[in-house]
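Here the structure comes first, spelled out in structure tokens, and everything after it is commentary.
The values are calculated or read from the model by the stated rules, or taken from the named source; none is laboratory data. This structure is a prediction, so every number in the text was calculated from the model and none was measured. Methodologically, a virtual Cβ is constructed for each residue, glycine included, from the backbone with ideal geometry; neighbour enumeration extends over all protein chains shown.
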Amino acid sequence: MPDTNPLLQHWTLPLWSAVRAEHLVPAIETIVADNQRIIKNVIATQVEHPNWDDVVIAIDEADARLHETQAVIEFLTVIRSNDPDWLQQSALSSVIAEQFIAAKSTNPALLQTCQRLANSSIAASFSASRKASLAKILREFQMAGTGLPGAQREKLAQLNVEIDLMQKLFMSNLNAASAAWSKHIIDVSLLAGLTPAVQAHLAANAKQAGLPGWRLTLEQNTYQQIMIQAQNRALREECYRAYCTRASDQGPDAEHLDNEPVLMVLLALRHEKARTLGFDNFAQLRLHDRMATDTSQVSGFLRRQIALNAASLAVETEELQAFAREQGIEQVEAWDQDFLAEQFRRQRMDGALDDLREYFALDTTLRSLCRFSEHLLGIKVSEDTQGERFDDNVRLFEVSEHGQPIGYVYIDLFRREAGTDYAWTGVLRNRRINAEGRPALPIASLHSNFTAAAAGHENLLSHHDLRVLLHEFGHCLHHVLTRSPHYNLSGISQLSRDAAEFIGQLFEQWAHSPEFLRWLAIHHKTAERLSETRIATALTALDAQRSRETARLLMSALYDFELHRSHDDGRSIAQVFDDVQREFTHLPIPDYCRFANSFDYLATGYEASVYAYKWSGVMASEAFKRFEREGVFNPQTGRDLRETLLSGDTQSLPAALETFLGQPISHALFAGLPN
């Protein structure tokens, strides 16, 4: 009889509602057992004349089945975070899967089989994409330490286990410390400056906690709104101190939730892993598949960007200090900067930012982004209201071409209690072609941490929210529009960080285009469109006092990279931060601040990679110049973008970008970048 476990059925889209806790471990155990048999068969049969289908495709199909099942479980675990039985079974299934993956990645017999294929006469005639896929397989075996002597291989495996545990502990401490702080407010005057929508959200927070009045928490969106809008300076300072001391010796439950010792161990483990694999440090290890090949290139790039931003930062700092004195603030503190910058934009720019949210209703904006993508890229993006979703608040979209589906996107926009407190794009399936020539269609999932409007209020987007939505929407399109037939080259999950962030950064560029905003912005009540003059003034206002945002990103990127590049130079975590901060004289940070303790990029897969945001951002700015020349809605330029930068799997990003631009990338931007 066929197995009725929904996780073991063939599916085009996951059978979300049918999955129960008792299905998890049996499904993973069955898939792991099947995969072990497949690997054993590949090793036994592919000896004399190994071939592509029986080695690469066989292993890819096995890998895909396991990873797709894990993804379904992980997505549902966020939704079912209050179900102890589910959480237990999810954790057990994860351990089983990860143990198998670790064993497979260090299987010397499987490595030898892949090497025989790579060295065979038939491999010489492989297409460029097949050669790239096979080279990546061999590189991953190398990075897993498969070629190391037994003792070192065992040491590396143990290091990987300990690194994973430390990363989970770091995030557990951070989440617990964030949840441990709240502020209950009865006097509404303390909330002066906050929009009615924000106040309604804070009132809902209080009601949920069984309290009257309003309740502030340290969820990212709430914190940001307080820092930007709250007129009460003491309230801003209190929230700032709570936020920047999370999971530290200065924060709540410091004895148990301090992340400094966790981070010290984590950095040491990563450094030891790098040395075991033959690299000088962990930052150098992270560059093994990146555009930059040496840590000096990344450090040099960041410092060039710091220098380019320095003059405008100095001018804007002086400008802000003068404005602060007009407001009766003699000394601008860290908790004043965002508030004063927003007040400066509003007061000096003739109200250009007043009620700007009213023109970006979430539903209307999302529908418009679908139409824009259709026009630019020659696809159809249609909402499927009948298909199963993993939660009632999630929306499902089908991406099609010539009447045939080519991929799917789930969109999950609002903050969940157990979810991440940032926006991200997840992957449920990579595109691939099996041995019979049948495709598995890619599936992406867009997640954000937007705060849902309280009852009676429309969900409206700030310009920052619009940038976030464009960024993640770009990631989703990048994932589903790939034409790669190879599982390990297909989609954003298989790209290095610097390449993966490129399309997201590119799509953000449209948020700064007057023509695009003129088309997109429509008042959610009156259907009035913004005038060209209003848009021009608003963009000028939005651009004012932005050098500080750039400086914060560069400081974070440099600190992250230096922590991993210079681990063995004798400096402490705090000393590295102090040295980095000296390069940003106009970004004063109080002594009590413990930046690293709550810097989640250090434990969420971006370690030694935060620089990729600026690196890819510079490339995205270069790419967008062609749209500015030829038209931001130009469908031919959009088709060229799709052909050169969205669908390929073999060209490096610099090479593909040069093809798209029709000229070399400026060496002034990326000095020392290899061709």
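The residue of the stretch 261-316 that is modelled with the lowest pLDDT, among those that are touching a Lys or Arg at 6+ places or on another chain (Cβ under 8 Å) and outside any helix (DSSP H, G or I), is 290.
Conditions (1) among the aliphatic types (A, V, I, L, M); (2) under 21 Å from residue 410 (Cα atoms); (3) part of a helix (DSSP H, G or I); (4) in contact (Cβ under 8 Å) with a residue 60 or more places away in the chain, marked per residue:
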{"site": "457", "(1), (2), (3), (4)": "no, no, no, yes"}
{"site": "474", "(1), (2), (3), (4)": "no, yes, yes, no"}
{"site": "488", "(1), (2), (3), (4)": "no, no, no, yes"}
{"site": "508", "(1), (2), (3), (4)": "no, yes, yes, yes"}
{"site": "516", "(1), (2), (3), (4)": "no, no, yes, yes"}
{"site": "526", "(1), (2), (3), (4)": "no, no, no, no"}
{"site": "533", "(1), (2), (3), (4)": "no, no, yes, no"}
{"site": "536", "(1), (2), (3), (4)": "yes, no, yes, no"}
{"site": "541", "(1), (2), (3), (4)": "yes, no, yes, yes"}
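So for the stretch 494-503 (the condition being in a helix (DSSP H, G or I), among the acidic types (Asp, Glu), surrounded by fewer than 22 Cβ atoms within 10 Å (Cβ to Cβ) and not assigned by TED's automatic domain parsing to the domain that holds residue 465), does at least one residue qualify? No, the stretch 494-503 contains no residue that is in a helix (DSSP H, G or I), among the acidic types (Asp, Glu), surrounded by fewer than 22 Cβ atoms within 10 Å (Cβ to Cβ) and not assigned by TED's automatic domain parsing to the domain that holds residue 465. Name the single residue, out of those in the stretch 216-251 being at pLDDT below 95 and over 28 Å from the mean Cα position of the chain (by Cα), that is surrounded by the most Cβ atoms within 10 Å (Cβ to Cβ). Looking at residues that are at pLDDT below 95 and over 28 Å from the mean Cα position of the chain (by Cα), I get 250. All of 553, 563, 558 fail the test of being under 22 Å from the mean Cα position of the chain (by Cα), surrounded by fewer than 21 Cβ atoms within 10 Å (Cβ to Cβ) and at pLDDT 95 or above, apart from 553.
Might you check whether a residue that is within 22 Å of residue 63 (Cα to Cα) and not in a helix (DSSP H, G or I) occurs anywhere in the stretch 128-143? No; the residues of the stretch 128-143 include none that is within 22 Å of residue 63 (Cα to Cα) and not in a helix (DSSP H, G or I). The set of residues in the stretch 619-674 that are among the β-branched types (Val, Ile, Thr) and at pLDDT 95 or above comprises 632, 637.
With respect to the conditions (1) more than 25 Å from the chain's Cα centre (by Cα); (2) surrounded by 15 or more Cβ atoms within 10 Å (Cβ to Cβ); (3) charged (D, E, K, R), residue 65 lacks only one, and its number is (1). Conditions first: (1) farther than 22 Å from residue 288 by Cβ; (2) under 21 Å from the mean Cα position of the chain (by Cα); (3) of a type outside the set (D, E, K, R). Residue 537 passes all but one, so which condition is the exception? Among (1) farther than 22 Å from residue 288 by Cβ; (2) under 21 Å from the mean Cα position of the chain (by Cα); (3) of a type outside the set (D, E, K, R), the lone unmet condition for residue 537 is (2). Quick one: residue 248 ticks every box in (1) in a loop (DSSP other than H, G, I, E, B); (2) out of contact with any Lys or Arg (no Cβ under 8 Å at 6 or more places or on another chain); (3) among the small types (Gly, Ala, Ser); (4) over 17 Å from residue 606 (Cβ atoms) bar one, so which box is it? Unmet for residue 248, out of (1) in a loop (DSSP other than H, G, I, E, B); (2) out of contact with any Lys or Arg (no Cβ under 8 Å at 6 or more places or on another chain); (3) among the small types (Gly, Ala, Ser); (4) over 17 Å from residue 606 (Cβ atoms): (2).
Confirm whether residue 236 is over 30 Å from residue 159 (Cα atoms) and touching a Phe, Trp or Tyr at 6+ places or on another chain (Cβ under 7 Å).
Here the answer is yes, as residue 236 does meet what is asked.
For the stretch 402-447, filtered to residues that are aliphatic (A, V, I, L, M) and at pLDDT below 90, the residue that is farthest from residue 168 (Cα to Cα) is 435. Do we find that residue 558 is of a type outside the set (Val, Ile, Thr), touching a Lys or Arg at 6+ places or on another chain (Cβ under 9 Å), assigned to a helix (DSSP H, G or I) and more than 30 Å from residue 434 (Cβ to Cβ) in this structure? The answer is yes for residue 558.
So, residue 387, is that one under 20 Å from residue 363 (Cβ atoms) and surrounded by fewer than 18 Cβ atoms within 10 Å (Cβ to Cβ) or not? So residue 387 fits the description; yes. When 157, 179 are checked against the criterion of being modelled with pLDDT under 95, within 30 Å of residue 221 (Cβ to Cβ) and assigned to a helix (DSSP H, G or I), a single residue qualifies: 179.
In this structure, is residue 205 modelled with pLDDT of 95 or more and in contact with a Leu (Cβ under 8 Å, 6 or more places away or on another chain)? Judged against the criteria, residue 205 is not a match.
Criterion applied to 12, 69, 45 was being free of Cβ contacts under 8 Å to residues at least 60 places away in the same chain and β-branched (Val, Ile, Thr), and the one residue passing it is 45. The one condition from (1) under 30 Å from residue 205 (Cα atoms); (2) of a type in the set (Lys, Arg); (3) surrounded by 15 or more Cβ atoms within 10 Å (Cβ to Cβ); (4) within 29 Å of the chain's Cα centre (by Cα) that residue 168 does not meet is (3). When the stretch 349-374 is filtered for residues that are over 18 Å from residue 448 (Cβ atoms) and under 26 Å from the mean Cα position of the chain (by Cα), the ones remaining, listed by number, are 371, 372, 374. Give the stretch 425-440 a look and list any residue that's closer than 16 Å to residue 647 by Cβ and surrounded by 18 or more Cβ atoms within 10 Å (Cβ to Cβ), or say none. Matches in the stretch 425-440: 430, 431, 432. Summed over the stretch 252-267, residues that are surrounded by fewer than 19 Cβ atoms within 10 Å (Cβ to Cβ), among the hydrophobic types (A, V, I, L, M, F, W, C) and either assigned by TED's automatic domain parsing to the domain that holds residue 183 or under 15 Å from residue 598 (Cβ atoms) (or both) total 1.
Taking the numbered list (1) surrounded by fewer than 20 Cβ atoms within 10 Å (Cβ to Cβ); (2) at positive phi in turn, residue 289 passes all entries but (2). Take the conditions outside any helix (DSSP H, G or I), out of contact with any strand residue (DSSP E or B) (no Cβ under 8 Å at 6 or more places or on another chain), more than 30 Å from residue 282 (Cβ to Cβ) and without any contact (Cβ under 8 Å) to a residue 24 or more places away in the chain and apply them to residue 193. Does it pass? No: the conditions fail for residue 193.
Every residue in the stretch 108-151 that is among the β-branched types (Val, Ile, Thr) and either surrounded by 16 or more Cβ atoms within 10 Å (Cβ to Cβ) or under 16 Å from residue 289 (Cα atoms) (or both), please. Once the filter is applied, which keeps residues that are among the β-branched types (Val, Ile, Thr) and either surrounded by 16 or more Cβ atoms within 10 Å (Cβ to Cβ) or under 16 Å from residue 289 (Cα atoms) (or both), the stretch 108-151 yields 113, 137, 146.
Of the helices (runs of 4 or more DSSP H) lying entirely inside the stretch 568-660, the ones with 3 or more residues being aliphatic (A, V, I, L, M) are found at 573-581, 611-630.
Look at (1) surrounded by fewer than 20 Cβ atoms within 10 Å (Cβ to Cβ); (2) part of a helix (DSSP H, G or I); (3) not β-branched (Val, Ile, Thr) and you find that residue 81 fails only one, number (2).
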